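Reading through the C-alpha cells given below for one structure.
The values are calculated or read from the model by the stated rules, or taken from the named source; none is laboratory data. All of these numbers come straight from a predicted model, not from anything done at the bench. Note that each Cβ is placed from the backbone with ideal geometry, even for glycine, and that neighbours are counted across all protein chains shown. Protein only, heavy atoms only, side chains kept; ligands, DNA and RNA dropped before computing areas. Shrake-Rupley method; radii C 1.70, N 1.55, O 1.52, S 1.80 Å.
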Amino acid sequence: MPASTSPRTSGDTHQFDYYHRAGMPLRPWPERATEKRELWDASRSRFVEPMVPAARLGTPSPFIDLVADHQWQGDELMDATVLAFRQIGMAEGRQMLEQALDHGIKTVVDPPEELVRLFVSLDSPPTWHDPARWERGRRLWVSTSFAGKTGMAVMDALATFVGNDVSTATGATRRFINDYQRRMLETYTWFWNVTRENAMDRYSPIFKDTVKVRLMHSQVRAGMRRSWSDEDFSREGCPISATAMLMGAISFGMLPMLVDIAHGRRHSRQDLDDAMIYWAYIAYIFGVPEEVIPTTADDGIEILNHFLPYTGGPTQATADMSGAAAGALSDADGVLTLRGRATAAPLLGAMAYFGGEPATRALIATTSAHDIRIDHWIRLAGVLARANVWINRVVDAVPFRTARMIRRARKGDRFWRVNVATSRISARKRGIHSTRYDHHDATPSVPAGCPLH
C-alpha cells in the first residue's frame, strides 16, 4: 500500500512523496509520541482498558503495528490532489472539486488525474459499509448520555490542546487564537451535521462538507511540511497523520458508549460494533486509509487503548492557546479574576473527572489558573455524571426503546446542536454567518507556515 515519505525523506517539492511499502518493515512511533504517556493513563485505564478483550491485553493484534506505521503518512489521495491544485491554481482546483462534489467527476473538464483518483475512492464505498448498520450505529451514538458525550468532548478537547499531534497543527495555524469564532462554528457545525440522517449519502451537503474539511487538513499538512526541516519531521512524524485522524474517529465513536458503560449502562457487543461502523465510514470519507480502519468494536477499542498513551504533549502551542483562553478570564496584570475562577473551576473539574487531572493540569500549567483548586468540582462532576447515566439506564428499561431512539436521532444529536446554536451567536457578532471550509486555500502555497497568522 502506498505510504508517505520515510522519516528521513522530505523536501519542499516532495513533501508528500508517497512510495510503495510492500515488503518494507513497519515504522515505529516517532520520538515525540513516546513522551508524557502518564498524562493519558487516567482516562485510558478507567474507560477503555476494561473493555479490551483479555487476550489482546497480553498479545496485541497485528493492527497495532500497522496503526503505528501510519503516523508517518497523511491522506495520500487528498495530499496528491492538493499538490496538483498548486500547479493549476487553488481557485481553479477548488472549482473542480466543487463541481465534482455537486455533479460527479465525469462532469469536470480536464480534471487532474489526482482528483479523478480521489473521486474513484469517494464514489466507491468499502465492502464493509452497510447503510442499515450505519444508520443503527448513528441512532445508538445519538442515544448515549449527556455525560457520555461530555466525556468524549472533554477528551477530544484535551487531545486538541495538549496532545502533541493535534496541538502542533492547531498551533501552527493559530486559528484558535486569531480566528476562534469561525473555527468553533465550523467544528461544531460539522460534528452536529454528521449525526444527522443520511449525512454520508454521496450527494448530501454534509458529505460535501466532510470532503472540504478533508481538503483543509491536507492544505495545512502541506503548509506545515513546507515549514518543517527534516529533523522536525523525523521527530514529530507526519503532521495531521492518518493515525491521528483514525484516533479521532475511534474516540468520537467509542468514548460516549464507553463512558456510559463505565457508569453502569449496558450496551451489547452488536451496539458497539454498529457504532464503530458508523464512525468507520465517516473516517473513510475523511481520508483515513482503509487498511487501518477498524470495523469492529474490539479492534477499535484495542487501538484506542494501545495508542491513547502516545498522545504526547504538552507543546508550545498548548501554552499559547491556553494562555489566550486564560487571558479572557484575567485582569490587566494577568491574575485570574473572581469571575474567572468561578468560571474556570467547574469546567476544569469536569475535564479532570473525565480526562484525568494530570492532562488537565498540563493544559493550564503555564496559565494564571495553574494553582486553582478543583477537588470538590471533580467530585461534583462525578455525582452529576452518575446521576445522568442512571436516568438513561432507567429510561432504557421502558418499552419502545427503538422507537425513542429513532425519534431522538431524527434531527441529529442534541448535544452538538446546542453547541452550534451557542457558537453561532458568538460568530454572528464577528460577522461570520456561514461555514465555507475554505480558509486554508492559500496555505499550501506560502513559503512557510500559515497565512492566517
Exercise. Let me have the 222 nm mean residue ellipticity of the chain computed from DSSP H runs of 4+ only, each contributing -39500 (n - 2.57), with the sum over all residues rounded to the nearest 500.
Key: -18500 deg cm²/dmol
Quiz item: If the cut-off is a Cα-Cα distance under 19 Å, which lysines reach residue 149, setting aside same-chain residues fewer than 8 apart in sequence?
Solution: 411
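Classify the range 307-380 from the C-alpha gyration tensor, please: rounded if a/c falls under 1.5, else prolate or oblate depending on whether a/b exceeds b/c. The partial results should precede the final answer.
Working: a/c = 2.78, a/b = 1.22, b/c = 2.28.
Since a/c reaches 1.5 but b/c is at least a/b, the shape of the range 307-380 is classed as oblate.
Would the range 310-453 count as rounded, prolate or oblate if I go by the C-alpha gyration tensor, calling it rounded below 1.5 in a/c and otherwise prolate when a/b exceeds b/c, oblate otherwise? Mind showing how you got there, number by number?
Numbers: a/c = 2.03, a/b = 1.23, b/c = 1.66.
Oblate is the answer for the range 310-453, as a/c is 1.5 or above yet b/c matches or exceeds a/b.
Quick check for you: with a 1.4 Å probe and neighbouring chains kept, what is the accessible area per residue of the chain, in Å²? Write down the numbers at each step before the final one.
Numbers: 19230 Å² over 453 residues.
Counting only protein heavy atoms, the per-residue value for the chain is 42 Å².
In debye to the nearest 20, how big a dipole does the range 44-199 give about its Cα centre with +1 on each Lys and Arg Cβ and -1 on each Asp and Glu Cβ?
Numbers: 17 positive and 20 negative charges, 167 e Å.
That gives a dipole near 800 debye.
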Exercise. Just need the relative contact order of the range 105-211 here, percent rounded to a whole number, with Cα pairs under 8 Å and 6+ apart.
Key: 17 percent
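Carbon and sulfur together cover what percent of the accessible area of the chain at a 1.4 Å probe radius?
Working: 10800 of 19230 Å².
Roughly 56 percent of what the probe reaches on the chain is carbon or sulfur.
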Quiz item: Ranked highest first by average number of other Cβ atoms within 10 Å, how do 240-250, 90-100 line up?
Solution: 240-250, 90-100
Quiz prompt | All lysines inside 24 Å of residue 106 as judged from Cα atoms, apart from same-chain residues fewer than 8 positions distant | solution = 208, 212
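Counting Lys and Arg as +1 and Asp and Glu as -1, each charge on the Cβ, what is the dipole of the chain about the Cα centre in debye, to the nearest 20? It would help to have the intermediate numbers written out before the result.
Numbers: 54 positive and 51 negative charges, 432 e Å.
So the dipole magnitude of the chain works out to roughly 2080 debye.
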Practice problem: Indicate the helices, whole DSSP H runs only, in the chain that combine a mean Kyte-Doolittle hydropathy of -0.5 or more with a Cα extent along their long axis of 20 angstrom or more. | Solution: 146-161, 205-227, 242-262, 269-285, 338-355, 375-396
